[in-house]
Amino acid sequence: MSQPTQPATTYDNPADLRRLALPIYGPSLLFGLGEGAILPVVALSARSFGASVAVAALMVMLINAGSLVFNVPASIICDRYGERLAIVGASALGVLATVLCLVAGNLAVFSVGVFLIGIASSVFLLARQTYLTEAVPAQYRARALSTLGGVMRVGVFIGPFLGAAAMAVWHLQGAYVVCVVALLLAGILGATLKDLPGHGRAARTAPDAAPAPTVRAILREKWPVFITVGVGILLVSAVRQSRQAVIPLWAEHLGLSPQVSSVIYGVSSAIDMLVFYPAGKVMDVRGRRWVTVPSMLVMGLSMLAMPLTHGVATLTLVSCILGFGNGIGAGMVMTLGADFAPELGRAQFLGIWREMSDIGGTAGPLLLAAFTALLGLGPAIAISGVIGLVAALQMWRAVPRRSG
């Protein structure tokens, strides 16, 4: 397997890194806040247009679908125009897509808006990851990317509360108003980002510029990484996305009210948000295995234990442990992608990397639903736990002892 590559760096010490707080982490917080505001109401908006419960549930999947189909095109956009313009453009598209959802008069127009939000998210997430991979030296990489993942989670956590406050005034439309404002501010902050040397159109048209490799060439060159570490990332993403469903579903199975279920999920998410930076530091100092493997072990064992819970206290305890496992893994997918991405063709590599992550994230809930239909909810959650343990084994085997 080829070893991780070292990027040319621009921010070489912690004082320099702090300059990234507003132009990189600010837009990420706002983008997460905007998505968090609308995620709880997308299905409700679809129902207001007369959609069935099943169709309304699929509306939420359209955001994932937009991201899934556009990861590779997003990599081409980032490579051609540079990360700063990609972040600004993605924010602008997100604003337009959210306005389309806001003014939609029927389900078809609303669906297009939701799908475009997924496309905007794909470009935005890839651009910020590519930028930090290039800008931050390897010794700070995991902390920078874990913070990036953690900040986005904080935004998604805050968003529903702001959306709920706005809905008290403007009903369902209030959530979309919050999203529009958040994405608009994200674009404005993103425009202040410092361009990296040798990026964007000017670099590509320079007389001595090397031609960017194609996506096919990157696949051919890096296939050993994709079938080893990449498979582990696919499994990790499947477990993570399943986690979002298992807590409320098992709470309902136990007969708990939606309010109690929401509180348990919220407490788990709060723990999730508290541990991302220490985990990033461990990855930088001790190596990636010290976080990737424990994260999946904790999540897998927690899911195996969840069907054994029988009340509020035990479910809350297991959910908190599950949140801890997910939290320490914040940024690990992006960090491993950054470790193995080549300097020439970095955006294309990371586009494929995100594609594998999104495939796993889409497959996880689908497998949970399929096994629930066949075997029941308890065995289905346990199978998700087994997938987590398999992911831990794969990460132990595939991730180098020292990376970055």
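Go through (1) open to solvent by 40 Å² or more (accessible area, probe 1.4 Å); (2) under 22 Å from the mean Cα position of the chain (by Cα) and name the single condition Pro379 misses.
All conditions are met except number (2).
Applying the selection to the range 274-299, what residues are open to solvent by 10 Å² or more (accessible area, probe 1.4 Å) and hydrophobic (A, V, I, L, M, F, W, C)? Working first, answer last.
Looking only at the range 274-299, we keep the residues that are open to solvent by 10 Å² or more (accessible area, probe 1.4 Å), and these are 274-278, 281-282, 284-286, 289-290, 293-294, 297-298.
Of everything in the range 274-299, those that are open to solvent by 10 Å² or more (accessible area, probe 1.4 Å) and hydrophobic (A, V, I, L, M, F, W, C) turn out to be Leu274, Val275, Phe276, Val282, Val285, Trp290, Val293, Leu297, Val298.
With the condition being touching a Leu at 6+ places or on another chain (Cβ under 7 Å) and farther than 26 Å from Gly266 by Cα, I'd like the helices (runs of 4 or more DSSP H) fully within the range 28-128 carrying at least 2 qualifying residues.
Working: elements: 42-48, 53-81, 83-103.
Output list reads 53-81, 83-103.
Contact list please: Cβ distance under 7 Å, first residue in the range 21-50 and of a type in the set (D, E, K, R), second residue open to solvent by 30 Å² or more (accessible area, probe 1.4 Å), pairs at least six apart or on different chains.
Close Cβ pairs satisfying both conditions: Glu35/Val156.
What number goes with the only condition from (1) in contact (Cβ under 8 Å) with a residue 24 or more places away in the chain; (2) open to solvent by 10 Å² or more (accessible area, probe 1.4 Å) that Ala168 does not pass?
Against the list (1) in contact (Cβ under 8 Å) with a residue 24 or more places away in the chain; (2) open to solvent by 10 Å² or more (accessible area, probe 1.4 Å), Ala168 comes up short only on (1).
Under 6 Å between Cβ atoms, which residue pairs at least 6 apart in sequence (or on different chains) link something in the range 175-193 that is aromatic (Phe, Trp, Tyr) with a partner that is open to solvent by 30 Å² or more (accessible area, probe 1.4 Å)?
Once the first residue is aromatic (Phe, Trp, Tyr) and sits in the range 175-193, its partners that are open to solvent by 30 Å² or more (accessible area, probe 1.4 Å) give Tyr176/Leu102.
Working only within the range 242-266, note down all residues that are open to solvent by less than 60 Å² (accessible area, probe 1.4 Å) and either among the acidic types (Asp, Glu) or in a helix (DSSP H, G or I) (or both).
Going residue by residue through the range 242-266, those that are open to solvent by less than 60 Å² (accessible area, probe 1.4 Å) are 242-243, 245-248, 250-251, 254, 256-257, 260-261, 264, 266.
Those that are open to solvent by less than 60 Å² (accessible area, probe 1.4 Å) and either among the acidic types (Asp, Glu) or in a helix (DSSP H, G or I) (or both): Ser242, Arg243, Ala245, Val246, Ile247, Pro248, Trp250, Ala251, Val260, Ser261, Ile264, Gly266.
Can you find, within the range 338-368, the residue that is modelled with the highest pLDDT among those that are over 20 Å from Leu62 (Cα atoms) and surrounded by fewer than 18 Cβ atoms within 10 Å (Cβ to Cβ)?
Here the answer is Pro342.
Quick check on this structure: which one of Val88, Val103, Val112 is over 26 Å from Gln244 (Cβ atoms), β-branched (Val, Ile, Thr) and open to solvent by 50 Å² or more (accessible area, probe 1.4 Å)? Outline the logic, then answer.
Details: Val88 fails: open to solvent by 50 Å² or more (accessible area, probe 1.4 Å); Val112 fails: over 26 Å from Gln244 (Cβ atoms).
Exactly one residue qualifies, and that residue is Val103.
The values are calculated or read from the model by the stated rules, or taken from the named source; none is laboratory data. None of these values were measured; they are calculated from a predicted model. No Cβ is skipped: glycine too gets one built from the backbone with ideal geometry, and neighbour counts run over all protein chains shown. The accessibility values were calculated without ligands, DNA or RNA, using every heavy atom of the protein model including side chains. Shrake-Rupley method; radii C 1.70, N 1.55, O 1.52, S 1.80 Å.
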